[in-house]
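Visitor: To start, I am sharing the structure in question, which I have written as structure tokens.
Values in this text are rule-based calculations from the coordinates and carry no lab data. Predicted, not measured: the structure shown is a model, and the values here were computed from it. Positions of Cβ are generated from backbone atoms using ideal geometry, with glycine treated the same way; all protein chains shown enter the neighbour counts.
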Amino acid sequence: MSQQLSVFPAFFRVAQKSVAVFGNGDEAFAKVRLLLNTEAHIVAYADHPEPAFGAFLKTNGIATVREPFAAHQVEGAVLVFAATGDAAADRTIVAAARERKIPANAVDQPDYCDFLTPALVNRAPVAVAIGTEGAGPVLAQMIRAQIDQLLSPSLGLVASLAASYREAVDRLVPRGAARRVFWRHFFSGPVADNVALGDFASARREASRLLNEAERVSGHVWLVGAGPGAEDLLTLRAQRVMMEADVIVYDALVPQAIVDMGRRDAERLSVGKRKGCHTKSQDEINQLLVKLAGEGKRVVRLKSGDPLVFGRAGEEMAALREAGISYEIVPGITSAFAAAADFELPLTLRGVASSLVFTTGHDLAGDVLPDWARLAVSGATIAVYMGRTVAASVAGRLMQAGLPPETTVAVVENASRAERRLLHGTLKDLPDLETRTELDGPVMVIIGDAVAGANFGRSEPLAAGRRQASDAAKRTEQIGN
């Protein structure tokens, strides 16, 4: 399904300009009420307005022409609304407007709409317009109600006050991060608080103080967890700092949809860091973060999952500390939690598993058995990151350590995402994972007695892959014979 709009959202300048509304009933009434949110000169063409509509026009001093439609009536208007309730009459009005190259809108006739009217949240001079391209007007109204609750009633007053400071800010505050930080403090600090209280004198004092204290902002780095991949699992804090960033430095495992959630004009730098495809070494990434922050830039280092779980954040923090650059950790949801949620799997279970181990399968590649392998034997749940290519080694070493071959395992590719894939089996089946070459996304393996409590209704058996491979081999052999 396309994510592209068939319309381009825009705002028309209508102050002191003529906007014509044709109709006598509820449709025209609704358009006039909507237009009263603006400074447009509204002209209602209503030869026989319904009583409530007529009274409304009179009470609000709206110019009214009580004549039947004539094509010349659209002349001089910047917008035309055809809202008569008669589809054929509305099409005639739109045709007259289009002939004169005036944008027109016919109620409930998308093919006769040069523009669409949105659901509107008005905090003048701030406006939020919600459109659905006609697909769901009720949905647009529902969204409008939610946004209306989110935005302070005094937001427009704060925006108007900000306009009076814009020239001084342009003159005194450097462009870039310093100016963004100034405005963020303006709109979310004591200035906005005092406006909400109606204390405009205090609001102006606070605004002047901010202006006097504004200076070049030092570089700063956020080490941000992007979560397992689903956009709606990104934290609110992560979203906020991504909107403050001058530069977003991201790993290959971070989906492009999440990278795109950053500030529109932020520079975006991919540093690869995917198995077998590292475009930059860790040292080069460290040096890049130091360089960017040293230039005074606000940098988001975007990592899959949580930055402190197999994200090599320790090396980046050490480099930033050594360079004297401030940084902050923004936690993310690590893949083990997302994989467990996909399987409805309790990572700890009273009386069964009271401890949890995060590891990578590569820990078992050496000669020395790691301590966590013994924890597995004692009942801990083991979450193995990047486990597909070392599945056989993991299974073999754990069974060698004493873990029963029948221990349940759960495997998730692309945890939390729409394209996730779930597999289940036992420890003795785990080596089959290495043959599943179709699994090209990040794979999480969870092992332990607690895994038996998972919901396997949406997963496929690991052993099925072995049978499919065997059947394919037999077919190949038969063809060869």
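Visitor: Going by how many other beta carbons lie within 10 Å of each one, how would you line up Met399, Met317, fewest first?
Guide: The most exposed by this proxy come first: Met399, Met317.
Visitor: Against the longest principal axis of the chain, how steep is helix 313-322, in degrees 0 to 90 to the nearest 10, with axes from Cα atoms?
Guide: 70 degrees
Visitor: Also: Can you pull the Rg over Rh of the chain, Cα-only, Kirkwood?
Guide: Value, to two decimals: 1.12.
Visitor: Follow-up. Most exposed first by the Cβ proxy, i.e. fewest other Cβ within 10 Å, how do Trp222, Trp183 rank?
Guide: Listed from fewest to most nearby Cβ atoms, that is Trp183, Trp222.
Visitor: Rounded to the nearest 500, what is the 222 nm mean residue ellipticity of the chain from helices alone, with -39500 (n - 2.57) per DSSP H run of 4+ residues and division by all residues?
Guide: -11000 deg cm²/dmol
Visitor: From Cα pairs below 8 angstrom and at least 6 apart in sequence, can you work out the relative contact order of segment 220-333, rounded to a whole percent?
Guide: The normalised contact order for segment 220-333 reaches 43 percent.
Visitor: Using the charge dipole of segment 18-117 (Lys, Arg: +1 at Cβ; Asp, Glu: -1 at Cβ; taken about the Cα centre), state which of Asn24, Leu35, Phe81 has its Cα farthest towards the positive end.
Guide: Comparing the listed Cα positions along the dipole, Leu35 ranks first.
Visitor: A further question on this structure: Mind checking the angle between helix 200-213 and the chain's longest principal axis? C-alpha axes, 0 to 90 degrees, to the nearest 10.
Guide: Roughly 50 degrees between the two axes.
Visitor: Residue by residue, what Karplus-based ³J(HN,Hα) values in Hz, rounded to whole numbers, does segment 144-152 have, using 6.51, -1.76 and 1.60 with θ = phi - 60° and x for Gly and Pro?
Guide: 4, 5, 5, 5, 4, 6, 6, 8, 4
Visitor: Sticking with this one: Just to confirm the number: angle between the C-alpha axis of helix 87-99 and the first principal axis of the chain, 0 to 90 degrees, nearest 10?
Guide: For 87-99 against the chain, the angle is about 80 degrees.
Visitor: OK, next. Order of 299-308, 140-149, 238-247, 104-113 by packing, highest average Cβ count within 10 Å first?
Guide: Per-residue Cβ counts within 10 Å, averaged per peptide and sorted highest first, yield 299-308, 238-247, 104-113, 140-149.
Visitor: Let me ask something additional. Non-local amide H neighbours of Ala226 (under 5 Å, H modeled in plane, Pro and chain starts lacking H): which ones?
Guide: Hits under the 5 Å cutoff: Lys303, Ser304, Gly305.
Visitor: I've got another one for you. Taking the inverse of the average 1/r across all pairs of different Cα atoms in segment 18-117, what Kirkwood radius in Å do you get?
Guide: Taking every pair of different Cα atoms in segment 18-117, averaging 1/r and inverting gives 13.1 Å.
Visitor: Evaluate the relative contact order of the chain (contact order divided by residue number), counting alpha-carbon pairs under 8 angstrom at least 6 apart; express in whole percent.
Guide: Result for the chain is 9 percent.
Visitor: Would you work out the relative contact order for segment 23-127, in percent, from Cα pairs under 8 angstrom that are 6 or more residues apart?
Guide: 23 percent
Visitor: For segment 208-332, give the magnitude of the charge dipole about the Cα centre (Cβ charges: +1 Lys/Arg, -1 Asp/Glu; no others), in debye to the nearest 20.
Guide: So the dipole magnitude of segment 208-332 works out to roughly 100 debye.
Visitor: Of all GluC sites (Glu not before Pro) in segment 397-444, which ones are in loop regions per DSSP and have a Cβ with at most 12 other Cβ atoms within 10 Å?
Guide: Glu406, Glu419, Glu438
Visitor: Another question, if that's okay. Could you check what % of the DSSP bridge pairs in the chain are antiparallel, to the nearest 5?
Guide: Here the share of antiparallel DSSP bridges comes out near 35 percent.
Visitor: How would you order 23-29, 59-65 from highest to lowest mean count of nearby Cβ atoms within 10 Å?
Guide: 23-29, 59-65
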